[in-house]
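The values are calculated or read from the model by the stated rules, or taken from the named source; none is laboratory data. The structure displayed is predicted, hence computed values, not measured ones. Note that each Cβ is placed from the backbone with ideal geometry, even for glycine, and that neighbours are counted across all protein chains shown. Side chains are part of the model used for accessible areas, which takes the heavy atoms of the whole protein and leaves out ligands, DNA and RNA. Shrake-Rupley method; radii C 1.70, N 1.55, O 1.52, S 1.80 Å.
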Amino acid sequence: VTPLTPRLVAQPGFLNAGMLRGEQTVVSFEVTNNGGTETGPLTLVLPNEPWLSTATPTSIASLGVGEKTTITLRLNPGEDLPLGLYKGTVVLNGARTTLSTAFEFRAISEAVGDARIKVEDEYTYFAEGNPGLAGAAVKLIDPYTYQVIASGIADEDGFVDFTGIAEGRYMLSVTADKHDSVQTAFEIKPGILNETTAFLHRQVVTYKWTVVPIEVEDKYK
């Protein structure tokens, strides 16, 4: 005989949302008692984050079998909250049961800036005219989703320009034929032209390896 116990289930089971700095974002999830008996009084516990609060009372009445309640969170990131990903857990505690719901909230901004990337190689410093690396492929990649935010091909002087890029940190990926590729962090600050240089080493020597099978006779003592 197995004693009846309460069982809390969250829907969705994982909270994922963006939160715009300077504005309020509301996130809700539903909690259901799928167990065989009531839960008893429940207490909502949040991480100690200044931008996170609840619109739901922290003391929640007992949930009977099959009953549900909605938990609503308020996200109020300040204008000075660093951009990035914030992870944590919301906990619902009871005398006979507990529920932990993980979250991942990303602080974002509506501010934009421009970018100029100059691509160089050894010829930029040693060849006549100091040419940039024309034809290099340049990409700005979201470091969390790996989505390509902007891409372009370096002009005859080795420059690539991007406009109206959302403020934040990105991965800068630069590739070119017969050159080593480069991937580095790049931050876009709002209201200005953000400039950086990418240096790609030329692959001036190449090696080709060929594997030829041979027979070797084993010898034993």
Failed condition for residue 145, given (1) touching a strand residue (DSSP E or B) at 6+ places or on another chain (Cβ under 7 Å); (2) under 30 Å from residue 20 (Cβ atoms), with all others met? (1)
Restricting to the range 141-200, count the residues that are within 22 Å of residue 109 (Cα to Cα), more than 15 Å from the chain's Cα centre (by Cα), open to solvent by 20 Å² or more (accessible area, probe 1.4 Å) and among the hydrophobic types (A, V, I, L, M, F, W, C). 2
Long-range neighbours under 6 Å by Cβ, at least six apart or interchain, first residue within 16 Å of residue 9 (Cβ to Cβ) within the range 96-115, second among the β-branched types (Val, Ile, Thr): 97/39; 100/89; 100/91; 101/90; 102/89
Selected residue (only one of 109, 151 is closer than 30 Å to residue 73 by Cα and not charged (D, E, K, R)): 109
Selection within the range 1-30 - touching a residue at least 12 places away in the same chain (Cβ under 8 Å), of a type in the set (A, V, I, L, M) and either farther than 19 Å from residue 74 by Cβ or open to solvent by 60 Å² or more (accessible area, probe 1.4 Å) (or both): 4, 8, 9, 26
Number of positions in the range 31-53 that are open to solvent by less than 30 Å² (accessible area, probe 1.4 Å) and outside any loop (DSSP other than H, G, I, E, B): 6
Can you tell me which residue is farthest from residue 184 (Cα to Cα) among those in the range 119-140 that are open to solvent by 20 Å² or more (accessible area, probe 1.4 Å), hydrophobic (A, V, I, L, M, F, W, C) and at pLDDT 95 or above? 134
Taking only the range 1-35 into account, find how many residues are under 30 Å from the mean Cα position of the chain (by Cα) and either closer than 30 Å to residue 168 by Cα or aliphatic (A, V, I, L, M) (or both). 22
Have a look at 67, 104 and point out the one that is more than 30 Å from residue 165 (Cα to Cα), among the acidic types (Asp, Glu) and either open to solvent by 60 Å² or more (accessible area, probe 1.4 Å) or under 20 Å from the mean Cα position of the chain (by Cα) (or both). 67
